[in-house]
Amino acid sequence: MPVAASAIYFLNLRGDVLINRMYRDDVGGNMVDAFRTHIMQTKDLGTCPVRQIGGCSFLYMRISNVYIVTVVSTNANAACAFKFVVEAVALFKSYFGGAFDEDAIRNNFVLIYELLDEIMDFGYPQNLSPEILKLYITQEGVRSPFSSKPQDSRPPANATLQVTGAVGWRREGLVYKKNEVFLDIVESVNLLMSQKGTTLRCDVTGKILMKCFLSGMPDLKLGLNDKIGLEKEAQVKARPSRSGKTIELDDVTFHQCVNLTRFNTEKTVSFVPPDGEFELMKYRITEGINLPFRVLPSIKELGRTRMEVNVKVKSVFGAKMFALGVVVKVPVPKNTAKANFQVTSGKAKYNAALDCLVWKVRKFPGQTELTMSAEVELISTMVEKKSWTRPPIQMEFQVPMFTASGLRVRFLKVWEKSGYNTVEWVRYITRAGSYEIRC
């Protein structure tokens with residue numbers, strides 16, 4: 001169930017009540033004495049943030065030199081209570097100029113009481129957005145001399161709609177001469193491959209970033225080639241889904257603007273976007289991954305003073321595409337003296353600080369195989385040689401217009417009641433996360 005807080009107290013480190021607000025009459029006004037006696041005076045504050053005394057639960061958190069204690073008499077949601085406290089503190093800081101401590105509370109009693117009345121009603125959390133609350137609680141807090149300067153903000157034209165409506169992340173009255181939407185699918189490939197080319201671990205973490213410059217209150221609908229969405233669309237239209245690669249998305253999280261009800265029923269991402277840049281969703285994929293590069297290393301130790309290193313790197317994405325900023329790091333022993341290189345493209349050098357050979361290729365075309373060969377000279381020592389544990393080869397790269405997961409945007413529709421035309425831009429980027437090959 002929700003928080004249903006009976007009371008909230010703000011205490012200093014001595015246990016003195018700085019300010020408090022009673023939301024229900026099911027607890028007595030002296031409940032803070034029980035917290036002070038059974039928890040603060042026994043120095044048992046650091047063991048557990050939730051304690052039960054009598055028939056009440058105390059959920060407390062320390063921020064700076066202030067304890068915030070929420071008292072509940074029912075089986076409330078503890079995570080929701082702590083989330084409320086964190087967001088309430090962020091709200092107070094926005095009014096106080098970034099400071100929240102005992103002095104800030106003493107200097108802003110009236111403002112805090114007014115905010116406590118707005119952010120919680122009968123023990124249930126309400127709107128905690130600083131941008132919206134500042135529309136109708138216009139009183140400025142007493143700022144600390146060390147706090148940051150207040151930022152200039154443009155208030156929405158209709159504060160009532162922002163407060164009572166469901167779109168608290170976007171203000172009314174936005175007007176742009178050119179209505180544009182930018183969408184980026186950015187993926188990071190995490191790979192661990194054996195020396196023989198066997199994949200030991202592989203997954204892709206991705207995010208969809210958007211930048212919207214749209215007038216009014218537009219409604220956007222995004223379609224991806226994910227398996228569940230395509231199957232749902234085929235059911236609705238009563239026809240088989242079109243052939244093509246489908247993606248199974250795991251661990252999907254959305255921005256608060258996404259209509260989850262419509263996503264659960266229609267499996268489409270529908271939303272009223274915030275103005276400017278934001279992260280629409282995050283996901284992870286573990287199957288059907290297209291690796292952008294294949295690496296075949298060969299390292300031979302020739303006696304005590306020489307090593308021979310050969311590394312082949314093949315790009316497996318389309319021939320019309322290319323990778324940028326490709327870096328291959330091949331580890332070598334700490335007693336390496338120097339290395340002589342032969343590369344088919346790019347530049348290579350020995351980096352003594354990293355104990356590795358660094359091969360850089362500025363632009364790596366698709367469907368191309370490049371090689372690096374190196375003769376490494378080692379410093380001979382009188383000490384008995386220990387076996388060298390070879391760290392994995394590491395890669396860095398960025399491949400524009402390529403996704404390792406195969407995720408694609410099928411459509412991006414923008415609807416607004418005025419019917420203006422929009423320009424949509426879609427970009428794909430794949431980067432190396434932890435891309436390692438054992439050698």
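The values are calculated or read from the model by the stated rules, or taken from the named source; none is laboratory data. Quick caveat: nothing in here was measured; it's all calculated off a predicted structure. Every residue, glycine as well, gets a Cβ built from its backbone with ideal geometry; the counts of neighbours run over all protein chains shown. For accessibility, only protein heavy atoms count, side chains too; no ligands or nucleic acids. Shrake-Rupley method; radii C 1.70, N 1.55, O 1.52, S 1.80 Å.
Rundown of residues vs (1) in contact (Cβ under 8 Å) with a residue 60 or more places away in the chain; (2) crowded, with 19+ Cβ neighbours inside 10 Å, yes/no style:
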| site | (1), (2) |
| --- | --- |
| VAL72 | yes, yes |
| ASN75 | yes, no |
| ALA78 | no, no |
| PHE84 | yes, yes |
| LYS93 | no, no |
| GLY98 | no, no |
| ALA104 | no, yes |
| GLU114 | no, no |
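Taking the criterion of being open to solvent by less than 40 Å² (accessible area, probe 1.4 Å) and charged (D, E, K, R), the only residue of segment 375-433 that qualifies is GLU416. Beta carbons closer than 6 Å, at least 6 apart along the sequence or on distinct chains, pair a first residue in segment 266-283 that is within 21 Å of ASN225 (Cβ to Cβ) and open to solvent by 30 Å² or more (accessible area, probe 1.4 Å) with a second that is at pLDDT 90 or above and part of a strand (DSSP E or B) for GLU279/LYS207; GLU279/LEU209; LYS282/LYS207; LYS282/THR253.
The residues of segment 289-304 that are under 21 Å from LYS320 (Cα atoms) and aliphatic (A, V, I, L, M), listed by number, are ILE289, LEU291, VAL295.
Among the candidates GLU369, GLU377, the residue that is more than 19 Å from GLU396 (Cβ to Cβ) and touching a residue at least 24 places away in the same chain (Cβ under 8 Å) is uniquely GLU377. Taking segment 35-57 as the search range and keeping residues that are under 31 Å from the mean Cα position of the chain (by Cα) and at pLDDT 85 or above, which one is farthest from ALA104 (Cα to Cα)? It comes out as VAL50. Considering segment 323-371, the residues that are of a type in the set (Gly, Ala, Ser) and surrounded by fewer than 13 Cβ atoms within 10 Å (Cβ to Cβ) include one that is farthest from the chain's Cα centre (by Cα), namely ALA337. Counting only strands (runs of 3 or more DSSP E) wholly contained in segment 258-343, the ones carrying 1 or more residues that are modelled with pLDDT of 90 or more, in contact with a helix residue (DSSP H, G or I) (Cβ under 7 Å, 6 or more places away or on another chain) and among the β-branched types (Val, Ile, Thr) occupy 269-271.
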